[in-house]
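The structure appears right after this line, and notes come after that.
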Amino acid sequence: MFCAVIVAAGSSRRAGFDKLVAPLAGVPVLRRSVDAFVAAGAAAVVVVCPQSRWEETGLAGAGFPVPVSRVDGGAERQHSVAAGLAALPAGTRMVAVHDGARPLITPGGIRACLAAAEECGAATCAHPVVDTLKRADAAGNSLPEKVSRENLWGMETPQIFRLDLLLQAYEHVKAHSLVVTDEVSALESLGIATRLVPGGANLKITLPGDLELAELIWTHRA
């Protein structure tokens, strides 16, 4: 059984507004992410978010064809993910962890990532780095070091895994007091590699301008 954990417990400080409640083509950003996983065939979706956000996005009273539930988050992202994993229904075999602020993920993109994870146990949506990379000093001045972008990828979500592997990785992270920024890093702490799956436009809304760009992309798709 394939289920999803959507992480939406952050404060949106950098955006300056609650980006997860903000409308994307008339529908809250967080609801767009939930809708994508329901359409992709997830048997259940656990949303990690505050009760207030759950209500403001209309998820509290929404009727879905599959169970969509809410749990509170933790102090760090990894604690929020752990809370979501603990709320998954019995029988879950594959789990996707997704940032709620990536509302442009498509059901097709989710299925492609899931297919790769079914094959090798761990997969994530990602994109090859195309920008020129520079390293800077503490004052923000560029250094002459050449930073190759060959074989460099930017991580996205969903990140999809066999649930037993991800639980094992999080047990290792907790036992060794590690701090990880995503689930790929958690698995790497066990020496397990993750398959990188390129997809389409799947930006994370972080700043106000990102929401405007997402609106343009969504409108173009429609």
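Here are the numbers:
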quantity	calculated
Leading residue by the ranking (farthest from Gly108 (Cα to Cα)) among those in the stretch 192-220 that are free of Cβ contacts under 8 Å to residues at least 60 places away in the same chain and open to solvent by 70 Å² or more (accessible area, probe 1.4 Å)	Glu212
Qualifying residue in the stretch 136-149 (condition: open to solvent by 20 Å² or more (accessible area, probe 1.4 Å) and within 17 Å of the chain's Cα centre (by Cα))	no
Condition met for Glu118 (free of Cβ contacts under 8 Å to residues at least 40 places away in the same chain, open to solvent by 40 Å² or more (accessible area, probe 1.4 Å) and not in a loop (DSSP other than H, G, I, E, B))	yes
Ala175 closer than 22 Å to Val95 by Cβ and open to solvent by 40 Å² or more (accessible area, probe 1.4 Å)	yes
Helices (runs of 4 or more DSSP H) within the stretch 161-222 that include 3 or more residues under 21 Å from Gln78 (Cα atoms)	163-175, 183-188
Subset tally (residues that are open to solvent by less than 10 Å² (accessible area, probe 1.4 Å) and farther than 21 Å from Pro107 by Cβ) for the stretch 155-172	2
Test for Val81: is it hydrophobic (A, V, I, L, M, F, W, C) and modelled with pLDDT of 95 or more	yes
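Residues are listed down the side, and each one gets a yes or a no for (1) in contact with a Lys or Arg (Cβ under 7 Å, 6 or more places away or on another chain); (2) more than 23 Å from Ala40 (Cα to Cα); (3) touching a residue at least 40 places away in the same chain (Cβ under 8 Å); (4) not polar (S, T, N, Q):
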residue: Arg70; (1), (2), (3), (4): no, no, no, yes
residue: Leu85; (1), (2), (3), (4): no, no, yes, yes
residue: Leu88; (1), (2), (3), (4): no, no, yes, yes
residue: Val97; (1), (2), (3), (4): no, no, yes, yes
residue: Arg102; (1), (2), (3), (4): yes, no, yes, yes
residue: Thr106; (1), (2), (3), (4): no, no, yes, no
residue: Asn141; (1), (2), (3), (4): no, yes, no, no
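The values are calculated or read from the model by the stated rules, or taken from the named source; none is laboratory data. Keep in mind that this is a model prediction, so the values were computed, not measured. Here the Cβ is made from the backbone with ideal geometry for all residues, glycine too, and neighbour counts use every protein chain on show. Protein only, heavy atoms only, side chains kept; ligands, DNA and RNA dropped before computing areas. Shrake-Rupley method; radii C 1.70, N 1.55, O 1.52, S 1.80 Å.
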